[in-house]
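This report concerns only the one structure given below.
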Amino acid sequence: MKCTNRIYHKPFYPISRVKDEGKPYICRLIPTEEGFLGDYLYEKELTCTLYYSVNDEDWKEVSLKDKHFSVSGIPVDTELKIYIKSENGEMSRVRKLRTGVLPEGATIINYLHPEDDNYIPIGQYLASPSIARLKSGAIIASMDTHMWYGTENLVIIYKSTDNGKTFKYVTDLTQFFWSTIFVHKDVLYILGVTTLNGNLHISASYDEGESWTVPVTLMYGGRAKSYGGGLHRGPMQVINHKGRLYTTVEYASFLESRNLDGRADFYPAVISIDENADLLCPENWSCTDFTPYEGKWKEESEKASDESRQAVGSGEVTETDSKRGEGIEGNVVAGPDGRLYNYLRWKPGEVLVFSIDEKEPEAPLNFEKIVKMPVMDSLFRIIRYEDKYYLVTNRKTEVSAKLYSCAFRNVLSIFSSSDLENWEFVCDIVNKESEPVSTTGFQYPSVLAEDSGFLVAVRSAFNNPNNFHDSNHMLLWKIDKDVLSNKKEE
């Protein structure tokens, strides 16, 4: 085994599985309503055969002529195992899938069965979608894999050259998690942490994601699963405001301060860089001071906690209590007044708002207020599009309103506003309110706003996932511009 500092691999093999290198590798596996399809990698010019088993019955064979396979005639909701074997006996890992019906309007970017061990020990469930459009017109989609005891440091890249109808595997990237891909001056970048609570890294690709530069560290954090604290972020968008790029990051202060239920406070910050500067030079970036949970923020949060406790009865610990200092996954957005703000996920129905000092990019964020918004306890996106703001978020429905759960993620919706405070319902991207909330989730939307409307990549859990949070699908929806402009009654 040769040593290397290269981060892109087709595919990446953890040290414990280097013996699999050079064997057939299933790089994309997609279930359909009546079968499955996919692609595999194999450098040797040898004939390969696909083997599949339905519900653990006898293996069936399909001869392969190229690096793509497709099998039909299998009933919906069927569990399968598959592998590929070459004529010299080299075998891929056994992969798992389950046939199923897609939500209306969705395209599968990638799929990972909850019992498939293809990415262990890195992760087992799909997460952190991000999407970008290249100069060539191709769409690049990225995602990572997560599980609590995994190393969580791998991003998978896919590409579509037919405007999102189909996707092909591009490469695996190591040393990235919770990452954002974005295009700036025709160059594709990825920005993320090295692992949960790790360092903040950035890398660039000059060939549409095929190869990547050695990552540059912008900021040091902690280590994976570190209770000593570290850097946290979602795959949040990078925006260009008045010639400067902005995005968000938080510091997870696990030891410095704990909430009533033992959870950490998160100190929000914003990093930025001049649009003409070299993005791969750390010294060109600025970061605001990480804002501690104190002052006006703490006063307003505790006031909300008191009101919440009074609503449910004295002495009760509420959702607001446990989240008093937990503002995460911020959206940088220019307000109607022209000032720049960071809107952070906090709790169902309410959002934290901090202002950003554009003249002093290292100045601390300033807490402004807590605002009511139609959000659940999940990542949301605020997108400035033409003359309006659009909010892509999970929402409560008449069914879910009768129950209380901060984890309602079975409906993903779009709202619009002219002032960032008064929101009107536009449409549902997907509505599965009749499905169990414990096993249904359409969450963490990544939104690409274009002239024709929105492309939305969604971390999706349905068709027998591990649970609502541990997603087994990465889906893509297209929302036409005329849908966004024509408001509909809820």
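The values are calculated or read from the model by the stated rules, or taken from the named source; none is laboratory data. Everything numeric in this text was worked out from a predicted model, so none of it was measured. Positions of Cβ are backbone-derived with ideal geometry, glycine not excepted, and every protein chain shown enters the neighbour counts. These area figures cover heavy atoms from the full protein model, side chains too; ligands, DNA and RNA do not enter into them. Shrake-Rupley method; radii C 1.70, N 1.55, O 1.52, S 1.80 Å.
For segment 389-470, the strands (runs of 3 or more DSSP E) that sit wholly inside it and include 2 or more residues that are open to solvent by less than 30 Å² (accessible area, probe 1.4 Å) and over 27 Å from Ile370 (Cα atoms) are 453-461. Only residues that are more than 17 Å from Ser179 (Cα to Cα) and either touching a strand residue (DSSP E or B) at 6+ places or on another chain (Cβ under 7 Å) or aromatic (Phe, Trp, Tyr) (or both) were counted across segment 125-160, and they come to 5.
Summed over segment 334-353, the residues that are in a loop (DSSP other than H, G, I, E, B), buried (at least 17 other Cβ atoms within 10 Å of the Cβ) and at pLDDT 95 or above give a count of 1.
Of all the numbered requirements in (1) acidic (Asp, Glu); (2) modelled with pLDDT of 95 or more; (3) out of contact with any Cys (no Cβ under 8 Å at 6 or more places or on another chain), Glu362 misses one, and that requirement is (3).
Of all positions in segment 77-85, at least one carries a residue that is touching a residue at least 60 places away in the same chain (Cβ under 8 Å) and more than 23 Å from Asn463 (Cβ to Cβ). Only residues that are touching a His at 6+ places or on another chain (Cβ under 9 Å) and of a type in the set (A, V, I, L, M): list them for segment 88-112, please. Scanning segment 88-112 gives Leu97, Leu102, Ala106, Ile108, Ile109, Leu112. Does Glu307 satisfy the criteria of being open to solvent by 20 Å² or more (accessible area, probe 1.4 Å), of a type in the set (Asp, Glu), at pLDDT below 85 and over 27 Å from the mean Cα position of the chain (by Cα)? Answer is yes for this residue.
Once segment 185-211 is narrowed to residues that are small (Gly, Ala, Ser) and in a loop (DSSP other than H, G, I, E, B), the residue that is most open to solvent (accessible area, probe 1.4 Å) is Ser211. Selection of first residues in segment 293-305 that are without any contact (Cβ under 8 Å) to a residue 24 or more places away in the chain and of second residues that are hydrophobic (A, V, I, L, M, F, W, C) and open to solvent by 40 Å² or more (accessible area, probe 1.4 Å), restricted to Cβ pairs under 9 Å at least 6 apart or on distinct chains, gives the following pairs, ordered by first then second residue: Lys303/Ile370; Ser305/Leu260. One residue stands out among those in segment 288-304 that are out of contact with any Phe, Trp or Tyr (no Cβ under 7 Å at 6 or more places or on another chain) and open to solvent by 90 Å² or more (accessible area, probe 1.4 Å): the one that is modelled with the lowest pLDDT, which is Lys303. Here Lys67 passes the criteria (1) over 29 Å from Gly441 (Cβ atoms); (2) touching a residue at least 40 places away in the same chain (Cβ under 8 Å); (3) of a type outside the set (Gly, Ala, Ser) except the one numbered (2). Residues considered: Asp172, Asp144. Of these, the only one that is of a type in the set (Asp, Glu) and farther than 22 Å from Ala461 by Cβ is Asp172. Among the strands (runs of 3 or more DSSP E) confined to segment 1-98, the ones with at least 3 residues that are crowded, with 16+ Cβ neighbours inside 10 Å are located at 25-32, 35-41, 48-54, 79-86, 95-98.
Restricting Lys67, Lys85 to residues that are closer than 16 Å to Cys27 by Cα and under 32 Å from the mean Cα position of the chain (by Cα) narrows the list to Lys67. Can you find a residue in segment 152-159 that is under 21 Å from Ile109 (Cα atoms) and over 17 Å from the mean Cα position of the chain (by Cα)? For segment 152-159, residues under 21 Å from Ile109 (Cα atoms) and over 17 Å from the mean Cα position of the chain (by Cα): absent. One residue stands out among those in segment 218-268 that are of a type in the set (Phe, Trp, Tyr) and closer than 22 Å to Glu283 by Cβ: the one that is modelled with the highest pLDDT, which is Tyr246.
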